[in-house]
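Coordinate-derived values only; no laboratory data. On a predicted model such as this, the values are computed, not experimentally measured, just so you know. Here the Cβ positions follow ideal geometry from the backbone for every residue, glycine too, while neighbour counts run over all protein chains shown.
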Amino acid sequence: MRPTPQPGPVNDFFLGLRTALPEAETISQQNGLSIECGKRGWVTLSLLQATAEKVPLEQTADLVHLVPWVQDEDVCLRHIAVSAAVDYLEFDRNRLVVPNMHDPEHVLFREIMQTMRARLDRDAVPYDPKLFDSVLLTFGEADFARLTHGAWTQDIDRSTVNAYSDLEIDAEDVRVIQRHTTSDPQWPDHTSLTRIAGVSLHADGHYVVRGKWDHESDANGYEGERITPSQLEYSFLPAREGVLWWKGGNATRWTKLRRR
């Protein structure tokens, strides 16, 4: 549940934006890359950034008042709040991607929230222990089965790709199934089965699954040799119930999965 905004300059600023966004002050704020904000229509990112720079963040404690707004239902207000946090935290803007940065299910959004919480803790700012509950799913090694076991499918528009991934995770194995959007005997579904040797929690807050052995097969009957020890290692990051990010092998990017 979204925390209740607390009275103060930050909250007053966003309540004003609820009524209307500022008028564009420059040509660049009138034109350019834009995002759709519901009834507001399309709004330029340059206008949203200029607005974010006006959010009255004077001290670290003001970040507490920003948390309710980073998850607002209004995409524009959410983007402004996240952008304001990014500026205050001096988060690397070269890593920012729209809409990922203001998507509460995205790993980038989670990283920004983790950075915000870490700054509050570093500066010994008191805040409600439940403040981040709705934006940061908290878990430990004991929660791995509850949050990851089951059948998952890649969250992607299949009309835009030729292939996608399905995953099945249980107490013993991780199965990664590469499927094609159009059935073709020349390109059968391919399965990589990894027997789990152990699960640990990385310092960055995601699960790391180490393999004992792995084995490949496909829908046409191919059976590869069992590889021991396994060369595969998987990373899993639960974003919220039913949403899981996955990274396998030497992959540098996370893949979003939804529970089937």
* Fewest Cβ neighbours within 10 Å first, please rank D170, D103 accordingly. => D170, D103
* Asked: With each pseudo-label sitting 7 Å past Cα toward Cβ, what's the E111-I156 distance in nm, one decimal?
  -> 2.0 nm
* Structure fact -> Here segment 15-30 yields Karplus 3J(HN,Hα) values (6.51, -1.76, 1.60; θ = phi - 60°; whole Hz; Gly and Pro given as x) of 4, x, 5, 4, 6, 6, 7, x, 6, 5, 9, 9, 5, 5, 7, 8
* Structure fact -> Relative contact order in percent for the chain (Cα pairs under 8 Å, 6+ apart) equals 12 percent
* Just one of [x] 58; [y] 49; [z] 53 is percent of Cα pairs over 25 Å apart calculated from these coordinates, so which is it? -> [z]
* Over the alpha-carbon set of segment 1-93, work out the extent along each principal axis and list the three values in angstrom, largest first. => 34, 28, 20
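When the helices in the chain are scored as -39500 (n - 2.57) per DSSP H run of 4 or longer and the sum is shared across all residues, what 222 nm value do you end up with, to the nearest 500 deg cm²/dmol?
Numbers: 7 runs with 64 residues, N = 260.
The helix-only estimate for the chain comes to -7000 deg cm²/dmol at 222 nm.
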* Taking the Cβ of each residue in I80, I196, I27, I169 as the centre, tally the other Cβ atoms inside 10 Å and list the residues starting with the fewest. => I27, I196, I169, I80
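Give the residue list of trypsin sites (Lys or Arg not before Pro) in segment 55-101 that are DSSP loop and have at most 13 other beta-carbon atoms within 10 angstrom. Intermediate results must be reported in sequence, preceding the final value.
On the way: sites: R78, R93, R95; in loops: none.
Counting only loop positions with at most 13 other Cβ atoms within 10 Å, none of the trypsin sites (Lys or Arg not before Pro) in segment 55-101 qualifies.
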* To do: Express in whole angstrom the spacing between the alpha-carbon centres of segment 149-216 and segment 15-84.
  => 38 Å
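Quote to one decimal, in nm, the extra length available between A118 and T4 on full extension: 0.36 nm per residue of separation minus the C-alpha distance between them.
Working: separation 114, 0.36 × 114 = 41.04 nm, distance 2.10 nm.
38.9 nm is the gain from fully extending A118 to T4.
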* Compute the FRET efficiency between T26 and D87 as 1/(1 + (r/R0)^6), taking r as their Cβ-Cβ distance and R0 = 22 Å, and round to the nearest 0.05. => 0.75
* Compute the relative contact order of segment 214-260 as a whole-number percentage, counting only Cα pairs closer than 8 Å that sit 6 or more residues apart in sequence. => 24 percent
* Measuring from label point to label point, each 7 Å out along Cα→Cβ, what is the A142 to S200 span in nm? -> 2.1 nm
* Structure fact -> segment 103-255: relative contact order from alpha carbon pairs under 8 Å, six or more residues apart, as a whole percent, is 16 percent
* To do: Specify the angular offset, from 0 to 90 degrees and rounded to the nearest 10, of the alpha carbon long axis of helix 75-89 from the longest principal axis of the alpha carbons in the chain.
  => 90 degrees
* GluC sites (Glu not before Pro) restricted to DSSP loop in segment 39-111 with at most 15 other C-beta within 10 Å -> E53, E58, E73, E90, E105
